[in-house]
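What follows is a single structure, written as structure tokens, with notes after it.
The values are calculated or read from the model by the stated rules, or taken from the named source; none is laboratory data. Everything numeric in this text was worked out from a predicted model, so none of it was measured. When we count neighbours, we look across all protein chains shown, and the Cβ atoms used for this are built from the backbone with ideal geometry, even at glycine. Just the protein is used for accessible areas: all its heavy atoms, side chains included, with ligands, DNA and RNA removed. Shrake-Rupley method; radii C 1.70, N 1.55, O 1.52, S 1.80 Å.
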Amino acid sequence: FLLAFYFNGYISTKQTTTHTTVQEENENVKDDVTVGPREYEELLGNFDKIDSLTKRLVLALSSKTPEPEVKAQPSQELYYKASAKYFSEILSNPTKLIENQVKYYKSTLENWTNIQNDILKNTDTTPAKELEKTDQGWDENLYFKLIKQHYTISSKIIEETIEDLDTLSKSDKKQISFFTKQMIEFFSPSNFLGTNPEALTQALETNGKSLVDGLENLVTDVENSTGDLTVSLTDTHAFEVGENLAITEGRVIFRNDLFELIHYKPLTDTVSKTPLLIVPPWINKFYNLDLQPKNSFVKYAIEEGIPTFIISWVNPGKEHSDVDFTQYISKGFFEAARVVREITKQEKINCIGYCIGGTLLATALSYLCKKGMNFVNSATFFTTLTDFEDPGDLSLFITDEYLDEINRQIEKVGYMEGSFLAQTFSFLRSNDLVYGPAVRSYLMGKKPPRFDLLYWNGDSTNLPGKMALEYLNKFYKENQLSKGELVIMGERLSLKYIDIPIFVVATHTDHIAPWRSSFFGLNKSTGDKRFVLAGSGHIAGIINPAYSKKYGYWTNSNTFSVPDEWLKTADRHDGSWWPYWSSWIKARSSSDIPAYIPGSHNDFPSLGLAPGKYVMKNYK
């Protein structure tokens, strides 16, 4: 009905405008606007398709399981408590509420007055603050201009009201601010057809086909979802692991029930004597470091003559419910390091730890250095938290209510479902990873783009139940590692025990491992430290190929204890930090030796081609 209404108005406007133009130019201008039965037939045909797709959508929704087996989300109680704290604070200081109400009424009246002046052609309205998702047509049409400016005014007043809550604790205020931001972003006029001029224009220009395509995209996403609706971020048919992703040549040379170890084929005649072992996160799969040849960090490392091994963690199921964080160290990292040392006949190795893999590496290094049995020559950390005092927006979910709900769900099946983690991370950047893609797909009718990083992002993994709870409690909630209170294998650990050279890469807009927190934690180690701040975020800032001219990075040779002081005098460099790291790691890799072939060691023959079996395992 909405489309038909606008369609008729659109045609009438075009016909009237054309007729006026012809009259004004004494019929010297030919009418080039053709509107006839064909357009109406096409529109009616698209309405029939919408009707058919709507029935398909209803069927898909009705066939979904009402209560999925694993739904580790916070109960409504978490939101109720946040709301209660907000209203309690507001009502205890009604003066501020009244002030904001008056400000809102005043701004709203000014907005109406400005729009009326525009209508009367008396004055020009000063453009309001632009929406984050600025689309065509917001200022050209007074109706949409009014909506945009009213949304901007309302959002600003709401945000200021939250800022004025003085007596709330820091954590409560942060939680309320986050939920409020989610509400504001959800109600953006861009997210709704009737208030999105670009989507309406697209629908009119395509005689409704964009809406048909959008509904088709929605139905497909619903049909493909196993629980809550997940917006497709990329064309899932464009990529396949082992075919056009994770295709750097290598062999699986070791496997246990926790991981596979991949040894990559060298691309140079000689290689560094000291090998490199990469410890990726097990929250996602390892191949974000080996996407396509053009942006593969793994391929870059072996092109630099660095003998490279990587851990591919298993995607855990019920059988892994009792696996804890210590086992990821002893049965995971320690075992992988043992195999690498035996194959290369080297006493020491270089290591990279990424995200939670970096947290594991730091914990293991603290243990090894304290015990005097360290076999790691140098360590590189990618977007790693070891001090969880301020873990960013993720701290909003580390509450007793939230952890209790996760615990109840884990008791049912033994693991935390990967899709829950993916949803949590997505809502930390809801405009980029939820609402923006939904608008493009469902309102504009555009197919998801081909984007390897987003494909990897959607290829989620589970977490063993015991390990997940231990990590959330001991690291995020209690910050035991940074405080020197974490006990692993009978040893009380501290970051100060780490006395080897480390290279730290944090990213400037990281929403998962904030760069200042990464700096604070790893700066507590006592060895030689090199800190790099890369542009962009948690993934894109790391996967920034050597040839790339994007993002840039900052370095500083001076020693600082405060991150912002470090940044003030840091040097900014264009392009990728990869070559900078390569020079650093090669200086700690001893002399070159003849390259050796994966799978040629008698004790560790090839068990199959990279990327192996574990990376293919999914739970639906």
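Side notes on the structure shown:
- Within the option set ASP528, ASP571, being within 20 Å of VAL376 (Cβ to Cβ), open to solvent by 70 Å² or more (accessible area, probe 1.4 Å) and not hydroxyl-bearing (Ser, Thr, Tyr) holds for one residue only, ASP528.
- Whichever residue in the stretch 185-204 is under 21 Å from SER83 (Cβ atoms) and surrounded by fewer than 17 Cβ atoms within 10 Å (Cβ to Cβ) and, among such residues, is farthest from the chain's Cα centre (by Cα): PHE187
- Out of ARG408, ARG450, one residue alone is surrounded by fewer than 20 Cβ atoms within 10 Å (Cβ to Cβ), touching an Asp or Glu at 6+ places or on another chain (Cβ under 6 Å) and among the basic types (Lys, Arg). It is ARG450.
- Complete set of residues in the stretch 467-518 that are touching a His at 6+ places or on another chain (Cβ under 7 Å) and hydroxyl-bearing (Ser, Thr, Tyr): THR507
- Residue within the stretch 145-166 that is assigned to a loop (DSSP other than H, G, I, E, B), out of contact with any Lys or Arg (no Cβ under 7 Å at 6 or more places or on another chain), open to solvent by 50 Å² or more (accessible area, probe 1.4 Å) and at pLDDT below 90 present: yes
- Among residues of the stretch 242-255, those that are open to solvent by 30 Å² or more (accessible area, probe 1.4 Å) and in contact (Cβ under 8 Å) with a residue 40 or more places away in the chain, counted: 7
- Among the residues of the stretch 411-421, just one is in contact with a Leu (Cβ under 9 Å, 6 or more places away or on another chain) and open to solvent by 30 Å² or more (accessible area, probe 1.4 Å), namely GLU417.
- Of everything listed in (1) part of a helix (DSSP H, G or I); (2) within 30 Å of THR201 (Cβ to Cβ), the single unmet condition for PHE420 is (2).
Here is a yes/no grid of residues against (1) in contact (Cβ under 8 Å) with a residue 60 or more places away in the chain; (2) closer than 28 Å to ASN407 by Cβ:
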{"residue": "PHE309", "(1), (2)": "no, no"}
{"residue": "HIS320", "(1), (2)": "yes, yes"}
{"residue": "GLN327", "(1), (2)": "yes, yes"}
{"residue": "SER330", "(1), (2)": "yes, yes"}
{"residue": "ALA336", "(1), (2)": "yes, no"}
{"residue": "GLU347", "(1), (2)": "no, no"}
{"residue": "CYS351", "(1), (2)": "yes, no"}
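- Of the strands (runs of 3 or more DSSP E) lying entirely inside the stretch 260-364, the ones with 2 or more residues being over 25 Å from ASP603 (Cα atoms) are found at 349-354.
- Breaking point among (1) touching a Phe, Trp or Tyr at 6+ places or on another chain (Cβ under 9 Å); (2) at pLDDT 90 or above, for SER210: (1)
- Those residues of the stretch 216-241 which are open to solvent by less than 30 Å² (accessible area, probe 1.4 Å) and either hydroxyl-bearing (Ser, Thr, Tyr) or not in a loop (DSSP other than H, G, I, E, B) (or both), in sequence order: ASN217, VAL219, ASP221, VAL222, SER225, THR234, ALA238, VAL241
- Wholly enclosed strands (runs of 3 or more DSSP E) of the stretch 551-620 bearing at least 1 residues under 19 Å from THR509 (Cβ atoms) and charged (D, E, K, R): 571-573
- Taken as a whole, the structure leaves ASP564 outside the set of residues that are out of contact with any Asp or Glu (no Cβ under 9 Å at 6 or more places or on another chain), open to solvent by 10 Å² or more (accessible area, probe 1.4 Å) and closer than 30 Å to LYS299 by Cα.
- Some residue of the stretch 470-483 being farther than 23 Å from TRP313 by Cβ, open to solvent by less than 10 Å² (accessible area, probe 1.4 Å) and among the hydrophobic types (A, V, I, L, M, F, W, C): no
- Total residues in the stretch 576-611, condition buried (at least 18 other Cβ atoms within 10 Å of the Cβ), at pLDDT 95 or above and touching a Gly at 6+ places or on another chain (Cβ under 9 Å): 4
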